[in-house]
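What follows is one structure encoded as structure tokens, with my remarks underneath.
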Amino acid sequence: MTSETDRYAYSYDAAVLDGEMPAIVVRPENSETLGEVVKLCNDNGLPLTVRGGGTNLSGGTIPKPGGVVVLTNSMTKILEINEEDLYAVVEPGVVTAQLAAQVASSGLFYPPDPGSQTVSTIGGNVAENAGGLRGLKYGVTKDYVMGLEFFDTGGNLVKAGGKTVKCVTGLNLSGLMVGSEGTLGVFNKIILKLIPPPQAAKSMLAIFDSVKAASEAVAAIIAGKILPATLEMMDNFTIRTVENFRRAGLPTDAAALLLIEVDGHPAQVADDAARVETICRENDARELRVASDQHERNAIWQARRDALPALAKLKPTCVLEDATVPRSKIPAMIEALELISKKYQLTIGTFGHAGDGNLHPTILTDKRDKKEWEKVENAIDEIFDCALGLDGTLSGEHGIGMAKAKFMVREVGKASLDYATRIKAAVDPKNILNPEKMVRRNNG
């Protein structure tokens, strides 16, 4: 595709960043063509950015001006679902939710569930090491990648990992590729671990009159050696916004909600649910609602998944961050977010995966208002500083991309960045693979 309209459509992604026009957009339909495209780009020194669903929030699929965008949406085959050895083999363009549904129809379970799962692709999930609501108990994408195939810059097919439960042959190249954001190779096939599904589940909604009490309840649940499948939080602003977006029966006077699900063996589920209820009440929950059937369970989780689309409707620009801290530091992070919101007079709705410390402070603004946007940038800077000061991280699941590359040295230090830069230079000497993302040659 070479028309200006087509090229513009692939010049940006879900990040709040300006797009960049590629010179051409190509859509390989098979492995052989994909390898040829990679080699052609390298031979001609053309920057190459691979794009799946374009849902990432860090600018990871914004191309280099004048470069090549490579789409994976024609490489959508689920090549194998092995029910005996518990793995699946997929092409990178497979949509996450479609894989999960097909795996479920085989009586198995693929747990990673990013919020964009209905449109995001497995290749993109692996590139960004995507998380999701079930990350607390089941982990993130990296925990399910058994192996993969990728093309190096010469168009050579590199194989890493395999289909066995244990594989320690050679360097852990598949581990290196997960979360590499397209900077080290181009995925061709991915081998994913599957697990048996839980036998039972119970969902609960805990209602609190203070955010502090809710965040302390989160810490108490984890300290009580209970590991819910999902443990989410919504603040009052988000609760009211979601209720206006879709009448879900949420208590709009609540300061915070915890949305909790425990799963596993039926007896364990009953025991864990009872203990969670006790802990929530001990931490001043004014009410705890337990879903009595699948309909009520679905309603609880639909309300949580509505948080971002509901907030995004309020202002022209929605900045969704994913500052992440140790779970015990959640109360301090919540307090800091409230202070930052007041300091810069910005509207910030906070929700997220409280059980693993991965919060989503969401700033609602209008990027066209230059004075307000300057305040937003300062607020984001303080959010990152606060998270790092609490022994946290810049990103729990959204990746680094272009949006956070300049902050990397604050978290990992210059020596780590230099080491990563040398790896990048060794495998991609012409710097064609998604340049200027995450690791920059000058570490700037």
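The values are calculated or read from the model by the stated rules, or taken from the named source; none is laboratory data. Everything quoted here is computed from the prediction, not taken from an experiment. Heads up, the Cβs are rebuilt from the backbone with ideal geometry, glycines too, and the neighbour counts pull from every protein chain shown. Heads up: the accessible areas ignore ligands, DNA and RNA and are worked out on the full protein's heavy atoms, side chains in. Shrake-Rupley method; radii C 1.70, N 1.55, O 1.52, S 1.80 Å.
Overview of results
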| item | result |
| --- | --- |
| Subset tally (residues that are in contact (Cβ under 8 Å) with a residue 60 or more places away in the chain, outside any helix (DSSP H, G or I) and touching a Phe, Trp or Tyr at 6+ places or on another chain (Cβ under 9 Å)) for the stretch 99-133 | 5 |
| Members of the stretch 57-101 found to be over 16 Å from Tyr10 (Cβ atoms), among the polar types (S, T, N, Q) and out of contact with any Asp or Glu (no Cβ under 9 Å at 6 or more places or on another chain), listed by number | Asn82, Gln98 |
| Close pairs (6 angstrom Cβ cut-off, 6 or more residues apart or separate chains): touching a residue at least 24 places away in the same chain (Cβ under 8 Å) in the stretch 170-190, part of a strand (DSSP E or B) and open to solvent by 20 Å² or more (accessible area, probe 1.4 Å) anywhere | Ser174/Val145; Ser174/Gly161; Val178/Val145; Gly182/Val50; Val186/Val50; Asn188/Glu149; Lys189/Glu149 |
| Selection from the stretch 279-302 of residues that are free of Cβ contacts under 8 Å to residues at least 12 places away in the same chain and either in contact with a Gly (Cβ under 9 Å, 6 or more places away or on another chain) or not in a helix (DSSP H, G or I) (or both) | Ser292, Asp293 |
| Selected residue (only one of Pro316, Pro326 is surrounded by fewer than 23 Cβ atoms within 10 Å (Cβ to Cβ) and touching a Gly at 6+ places or on another chain (Cβ under 6 Å)) | Pro326 |
| Qualifying residue in the stretch 322-330 (condition: in a helix (DSSP H, G or I) and either under 16 Å from Lys375 (Cβ atoms) or modelled with pLDDT of 90 or more (or both)) | no |
| The stretch 46-65: number of residues that are of a type in the set (D, E, K, R) and on the phi > 0 side of the Ramachandran plot | 0 |
| Condition met for Asp143 (open to solvent by 30 Å² or more (accessible area, probe 1.4 Å) and of a type in the set (Asp, Glu)) | yes |
| Glu20 exposed (fewer than 15 other Cβ atoms within 10 Å of the Cβ) and not aromatic (Phe, Trp, Tyr) | no |
| Filtered residue count, the stretch 80-98, keeping only those that are without any contact (Cβ under 8 Å) to a residue 40 or more places away in the chain and in contact with a strand residue (DSSP E or B) (Cβ under 9 Å, 6 or more places away or on another chain) | 4 |
| Total residues in the stretch 282-331, condition of a type in the set (Asp, Glu) and within 17 Å of the chain's Cα centre (by Cα) | 3 |
| Gly139 vs. criteria farther than 30 Å from Glu282 by Cα and either at pLDDT 95 or above or not aromatic (Phe, Trp, Tyr) (or both) | no |
| Breaking point among (1) open to solvent by 20 Å² or more (accessible area, probe 1.4 Å); (2) over 18 Å from the mean Cα position of the chain (by Cα); (3) not acidic (Asp, Glu), for Val376 | (1) |
| Enumeration of residues in the stretch 134-157 that are part of a loop (DSSP other than H, G, I, E, B), over 22 Å from Val38 (Cβ atoms) and among the β-branched types (Val, Ile, Thr) | Val140 |
| Among the residues listed as Arg275, Arg368, the single one being surrounded by fewer than 18 Cβ atoms within 10 Å (Cβ to Cβ), over 30 Å from Leu57 (Cα atoms) and in contact (Cβ under 8 Å) with a residue 40 or more places away in the chain | Arg275 |
| Conditions (1) open to solvent by less than 60 Å² (accessible area, probe 1.4 Å); (2) in contact with a Lys or Arg (Cβ under 8 Å, 6 or more places away or on another chain); (3) closer than 26 Å to Lys202 by Cα; (4) not hydroxyl-bearing (Ser, Thr, Tyr): number failed by Ala299 | (2) |
| Condition check for Gly66: within 22 Å of Gly155 (Cα to Cα) and modelled with pLDDT under 95 | yes |
| Only listed residue being of a type outside the set (S, T, N, Q), closer than 30 Å to Asp322 by Cα and touching a Leu at 6+ places or on another chain (Cβ under 8 Å), chosen from Ala14, Ala100, Ala23 | Ala14 |
| Filter pass, Lys137 being under 27 Å from Leu184 (Cα atoms) and surrounded by fewer than 22 Cβ atoms within 10 Å (Cβ to Cβ) | no |
| Inter-residue pairs, beta-carbon under 6 Å, first in contact (Cβ under 8 Å) with a residue 60 or more places away in the chain and in the stretch 313-335, second among the basic types (Lys, Arg) and part of a loop (DSSP other than H, G, I, E, B), 6+ apart | Thr317/Lys367 |
| Residue count, the stretch 1-17 (criterion: open to solvent by less than 60 Å² (accessible area, probe 1.4 Å) and farther than 14 Å from Gly54 by Cα) | 2 |
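Matching residues to (1) open to solvent by less than 10 Å² (accessible area, probe 1.4 Å); (2) out of contact with any helix residue (DSSP H, G or I) (no Cβ under 8 Å at 6 or more places or on another chain):
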| site | (1), (2) |
| --- | --- |
| Thr33 | no, yes |
| Val38 | yes, yes |
| Gly45 | no, yes |
| Val50 | no, no |
| Leu57 | no, yes |
| Gly66 | no, yes |
| Asn73 | no, yes |
| Ile78 | no, no |
